[in-house]
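Encoded as structure tokens, the structure appears first; notes follow it.
The values are calculated or read from the model by the stated rules, or taken from the named source; none is laboratory data. Model, not experiment: these values are computed from the prediction. Cβ coordinates were reconstructed from backbone atoms using ideal geometry, including for glycine residues, and neighbour counts include every protein chain displayed. Areas reflect the complete protein model, heavy atoms only, side chains present, ligands, DNA and RNA absent. Shrake-Rupley method; radii C 1.70, N 1.55, O 1.52, S 1.80 Å.
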Number of protein chains: 2
Amino acid sequence: MSEVQNILFIMADQFRADHLGCEGHPYLKTANLDALAKRGVRFSRAFVNSGVCGPSRMSYYTGRYPSSHGTTWNRVPLAIGEVTLGEYLERAKRDLVLAGKTHVIPDVVGLQRLGIDGQSELGYLLRRGGFKEIDRYDGHHPPGQESGYPAYLRQHGYVSDDPWTDYVIAGVDAKGEVVSGWNMRNVYLPARVAEPHSETAYMTDQALSFMRNKGDTPWVLHLSYVKPHWPYMAPAPYHNRYNADQCLPVVRSEQEKIDAHPVVAAYRQHEEGQNFSRDECIRTVRPAYQGLIHQLDDHLGRLFDYMEGAGLMKNTMIVFTSDHGDFLGDHWLGEKELFYDAIQRVPCIVMDPDARADVTRGTVDNRMVEAVDFVPTFLDALGVEGASQRIEGMSLLPLLRGETPVWREAAFSELDYSFRQARLLLNKTPQQSRAYSMRTDRWRYVYWLDEPEQLFDLETDPQELQDLGRDPGHLATREQLRSQLFDWMARRKRRVTMSDEEVVRATHAHKRAGVFFGQW
Amino acid sequence: MSEVQNILFIMADQFRADHLGCEGHPYLKTANLDALAKRGVRFSRAFVNSGVCGPSRMSYYTGRYPSSHGTTWNRVPLAIGEVTLGEYLERAKRDLVLAGKTHVIPDVVGLQRLGIDGQSELGYLLRRGGFKEIDRYDGHHPPGQESGYPAYLRQHGYVSDDPWTDYVIAGVDAKGEVVSGWNMRNVYLPARVAEPHSETAYMTDQALSFMRNKGDTPWVLHLSYVKPHWPYMAPAPYHNRYNADQCLPVVRSEQEKIDAHPVVAAYRQHEEGQNFSRDECIRTVRPAYQGLIHQLDDHLGRLFDYMEGAGLMKNTMIVFTSDHGDFLGDHWLGEKELFYDAIQRVPCIVMDPDARADVTRGTVDNRMVEAVDFVPTFLDALGVEGASQRIEGMSLLPLLRGETPVWREAAFSELDYSFRQARLLLNKTPQQSRAYSMRTDRWRYVYWLDEPEQLFDLETDPQELQDLGRDPGHLATREQLRSQLFDWMARRKRRVTMSDEEVVRATHAHKRAGVFFGQW
């Protein structure tokens, strides 16, 4: 093992932390991720800073919390004032290369306002959040984004204007009819696409071909899979690799529905909440979801085998994580966004090839890790300078190398639900539709604008079934947690136009600047 | 009186709210401001959002709190991502014209990063915070800024490389020696500059000449005086218009120094705090400070007389306010920044020429007004669109026109003291050196990072002499106020790349976008 030359930053989409063999899943096989954990560190308390793709990813890409980077939900453009990992690397003459999904929405208004040509080199990077794209593929194809995947499918015989809809997320039912994976009732069927041409296989191929081309040249690659995110259509043989009895038990109780928190109750009224409240849906989707994960793990095995053979395991830091989890019926909910561990906790394995990390190999670290930590970790590993006045996370390198720095005791997450039906059901304005959450060792606390708080005692209620947010017996606990959350918020980094180092140089310097106030 | 065609936005620098005749000052004459108050509304509880020039002004110019616009102290550049009053007006084909001070520091790094030519039309406005400058004059001449004032002085016979230092802030003592107004012991002397060539006279002349040139063409002018800000050197006859017994009594007590708040105690150790703790200093500075105000009022009389004659009083909204106050020895402090009414409360007179405002003329409005309210007020008065996702203040127009909208019950202010000696004395990092304050009808509450809270009960202690921040009897009050402050902070506008109106249009619209998650 030697020092970090390359970084492979692997992200899966909507991948629950408890869906890993090494996390104790009794049936699901993730042999390759388990093996990676043995070679590195598994962080058992890794949390996202938002339970939604867009804001969560922008935290991964900027090192800043959602209320700092401003992308509070999926459709919100990433402000061109934000500095991304790609831009920090570019300043050090390194590229951040992308294969897969980022969910970056370009700040077209910001570019126009400042007269920046979106087609220029600068405009290219700003529109893409600093990534240089091998192939950007966000899955369900936001308009105006290009991926080579549809063309690839057509080359391999999937003749269609929209091969994704017709093959990748479609199946053929018993009557011989083509049916869509958008309807979850159909996801027991194998996808019409052959496994080697599936999204996961294709994106792994992109990464492999990238690595082959790079040879010994250093690189940083974000390999960002769109799976196991919906549509939950798995190709054979993964579609029925698991049956419904080989899935985790659903975490929910009748009690939860009584006097439920208004926002949670509204999310339960969403179509996905209604459908995932039915056992039939859960028993259909969960096996397919596990199949997609098993498939992903097999492709990671293929990738890691290549890297081993090419000597890349010796000089490449490998991170595996996800942008959030998936309720899959837990708490009578589908999809994501809300503040439960099913959504907020993500798989997190980091393999640091440096010899100094040998002391931690194969260990499980239960310190609180957040999405904002990855930008500082990558910059630290590569010796590239960041921006002290912007980056809010902390480098994981000391943890990986056996040090015991002062560390946080809570993880924080935010939600803007103004785009969701829940806002309409609750008759809110967009500015009112926000929440902040804090997760400590023992507590999950949520502060909602204009709605009651939520509180779960994870010591007595690890499944988060009993909301103590309005329980008179927990008033003091809520007050204390609210104060802690406030203190966190009061420390967000807002002075972005001047570095801490410049501030230090300019401190108490008025006389040097020819200004002599206060003299008698 | 007719509808608002022009806006005259007058700002004085470091002008305490209680230094106005119409605020009850027993000696100081401000006849012209008092007359303006009779024609408009005086807001008796107008507060700045920071007790320092730069951040306070950026709140006046953007309609956003300091932690939103990011200019947390004087030397911090205004991020080019921020949208100013000038830019909103420009989108409506109107200019925001400047005569005087703004304290805008250009975001040179931001311009370079985005490849924007600082000399282009766009670069010009971005560097100047959206102002089109007649003459920008920040007083003590930050490097690289141009003003016509030195040349004007030379034309009028003040022969010097630096006529400001040699004439405007200098005097001649009894021995015939030229002495500097930087040393406060000298400010009993008249300035060497003749009154008609003083800063206040010069800038009034600029405004008059601007109005004459504009004729009937609509305009928006920011007339921004550098006085009564230090150096406290007043020209004759204002230098001795008042004697030390015609000043307000100093607000301080011996009790205040016992077990003082650590940050307040550190500010008292600053040179200005030390000197303003001496009666000699107070009795020398306060009369000069009052003289500078009297002079300013006289020049406003000259300006208002012209406007009356030119018919401009009928169609011009006039605002008079300040960026913060001045301790002048109160609380054993000099200068500004900290959270006391001496600093945070400012004069605020608004004259709305519209006939709908006739119902409020001559009244005093005690609702809480903040610096962030002026951008929305001006846009509202001119019918120009702002940005719902950015502007955090509220238009004062309904208040001026006799309406009773739901209004705020507290004013908020922020401080970043990382550039000050106090940070060094307290051994803090820049990121730790911050505070947030809330002022309600009854309470002043301050939350300091890593330091005790402050609390003043203005009902029993209107002079803010007794800090209850660590008083066990006020624990519940502090908790309640901290929660209120937190709620305010949780509502700051962070999603700046997308308007509320766009969010509303995009709400619950996934199926329209071809995304069918959650279907069974």
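When the accessible area of each residue in the range B:431-455 is compared between its chain alone and the complete protein assembly (1.4 Å probe; ligands, DNA and RNA ignored), which residues differ by at least 10 Å², being lower in the assembly? Listed in order, they are B:Gln431, B:Arg434, B:Tyr436, B:Tyr447, B:Leu449, B:Asp450. Remark: the Cα gyration tensor places the range B:288-349 in the oblate category, a/c being 1.5 or greater and a/b not exceeding b/c. Among beta bridges identified by DSSP and lying wholly in chain A, the antiparallel ones come to about 50 percent. Using +1 at the Cβ of each Lys and Arg and -1 at the Cβ of each Asp and Glu in chain B, identify which of B:Met233, B:Phe456, B:Tyr137 lies farthest towards the dipole's positive end. Going by the Cα projections, it comes out as B:Tyr137. Cross-link check: pairs A:Lys101/A:Lys336; A:Lys493/B:Lys511; B:Lys29/B:Lys336 evaluated at a Cα-Cα cut-off of 27 Å; pairs beyond the cut-off: A:Lys493/B:Lys511.
Sorting B:222-230, B:309-317 by average packing, meaning the other beta carbons within 10 Å per residue, from highest down gives B:222-230, B:309-317. Each residue of the range B:229-234 was assigned a 3J(HN,Hα) from its phi angle through the Karplus expression (A = 6.51, B = -1.76, C = 1.60, θ = phi - 60°), giving 3, 4, x, 7, 9, 9 Hz with x at Gly and Pro. In the full protein context, the range B:457-510 carries 46 Å² of accessible surface per residue, based on a 1.4 Å probe and ignoring ligands, DNA and RNA.
Dipole of the range A:190-261 computed with +1 at Lys/Arg Cβ and -1 at Asp/Glu Cβ about the Cα centre; of A:Ser224, A:Pro249, A:Val193, farthest Cα towards the positive end is A:Val193. Interface residues of the range B:485-503, defined as a loss of at least 30 Å² in heavy-atom accessible area between the chain alone and the complex of all protein chains with a 1.4 Å probe, are B:Phe486, B:Asp487, B:Met489, B:Ala490, B:Arg491, B:Arg494, B:Arg495, B:Thr497, B:Met498, B:Asp500, B:Val503. Under 5 Å between amide hydrogens, built in the peptide plane, is the criterion, and for B:Lys132 it picks out B:Leu96, B:Val97, B:Leu98 among residues at least 5 positions away or on other chains.
Looking at the protein assembly as shown, what % of its DSSP beta bridges pair antiparallel, to the nearest 5?
50 percent
With the label put 7 angstrom out from Cα along the Cα-to-Cβ vector, A:Val406 ends up 4.1 nm from the copy partners, going from closest to farthest. As a rough guide to protection, the peptides B:318-326, B:299-307 ranked by mean Cβ packing within 10 Å, highest first, stand as B:318-326, B:299-307. For B:Glu146, the label point sits 7 Å beyond Cα toward Cβ; its separations from the matching points on the remaining copies run 4.5 nm, from shortest to longest. Charges at C-beta only: +1 for Lys and Arg, -1 for Asp and Glu. How large is the resulting dipole of the range B:1-107 about its Cα centre, in Debye rounded to 20? I would put it at about 200 debye. Averaged over the residues of B:70-83, the number of partner chain Cβ atoms lying within 10 Å of the residue Cβ comes to 5. Only counting protein heavy atoms at a 1.4 Å probe, give the residues of the range A:103-129, ordered by number, whose accessible area falls by 30 Å² or more when the other protein chains are present relative to the chain alone. The answer is A:Arg113, A:Leu114, A:Leu122.
The charge dipole of the range A:100-176, taken about its Cα centre with unit charges on the Cβ of Lys, Arg, Asp and Glu (plus for the first two, minus for the last two), comes to roughly 160 debye. B:Phe412 sits with roughly 20 Å² accessible to a 1.4 Å probe, with DNA, RNA and ligands left out of the calculation. Of the accessible area of chain B, computed with a 1.4 Å probe over protein heavy atoms only, carbon and sulfur atoms account for 49 percent. Loop-resident trypsin sites (Lys or Arg not before Pro) (DSSP state other than H, G, I, E or B) in the range A:83-183 with no more than 15 further Cβ atoms inside 10 Å of their Cβ: A:Lys93, A:Lys175. Label the protein assembly as shown by shape, choosing from rounded, prolate and oblate, from the square roots a ≥ b ≥ c of the eigenvalues of the Cα gyration tensor; if a/c is under 1.5 it is rounded, and otherwise prolate applies when a/b is larger than b/c, oblate when it is not. Since a/c reaches 1.5 and a/b is larger than b/c, the shape of the protein assembly as shown is classed as prolate. Across the copies of the chain, B:Tyr306 has label points (7 Å from Cα along Cα→Cβ) spaced 7.5 nm apart, shortest distance listed first. Note on chain A: with charges restricted to the Cβ of Lys and Arg (+1) and Asp and Glu (-1), its dipole about the Cα centre is near 1020 debye. In this label model, A:Ala174 and A:Arg470 are separated by 4.6 nm, measuring between points 7 Å along each Cα→Cβ vector.
Between the range A:286-301 and the range B:372-439, what is the C-alpha centre distance in whole Å? For the range A:286-301 versus the range B:372-439, the Cα centre distance is 51 Å.
Across the range B:430-469, Cα pairs under 8 Å and at least six residues apart give a relative contact order of 30 percent. Interface size, chains B and A: roughly 7500 Å² of accessible area buried, both sides included, 1.4 Å probe, rounded to the nearest 100. Among all the lysines, which ones have a C-alpha under 17 Å from B:Lys214's C-alpha, if same-chain residues fewer than 8 places away are not counted? List returned: B:Lys93, B:Lys132, B:Lys314. Please state the shape class of the range A:380-497: rounded when a/c is under 1.5, otherwise prolate if a/b exceeds b/c and oblate if not, all from the C-alpha gyration tensor. The shape class here is oblate.
Taking every C-alpha pair closer than 8 Å and separated by at least 6 residues, the mean separation divided by the residue count of chain A gives a relative contact order of 24 percent. Taking the charge dipole of the range B:411-520 about its Cα centre, with +1 at Lys and Arg Cβ atoms and -1 at Asp and Glu Cβ atoms, the residue from B:Gly518, B:Leu425, B:Tyr436 reaching farthest to the positive side is B:Gly518. Taking a span of 20 Å or more along the helix axis (Cα atoms) and a mean Kyte-Doolittle hydropathy of at least 1.0 as the rule, no DSSP H helix of chain B qualifies.
Couplings 3J(HN,Hα) for the range A:68-84, derived from phi with the Karplus relation 6.51 cos²θ - 1.76 cosθ + 1.60 (θ = phi - 60°), are 8, 7, x, 7, 8, 7, 4, 8, 8, x, 7, 4, 5, x, 7, 9, 9 Hz, where x marks Gly and Pro. Between the range B:89-154 and the range B:191-224, the C-alpha centres lie 18 angstrom from each other. Backbone geometry of the range B:155-168 corresponds, through the Karplus equation with coefficients 6.51, -1.76 and 1.60 at θ = phi - 60°, to 3J(HN,Hα) couplings of 4, 9, x, 8, 7, 5, 5, 9, x, 5, 5, 7, 10, 6 Hz, x marking Gly and Pro. Note that the range A:212-271 presents 43 Å² accessible area per residue, ligands and nucleic acids not counted, probe 1.4 Å.
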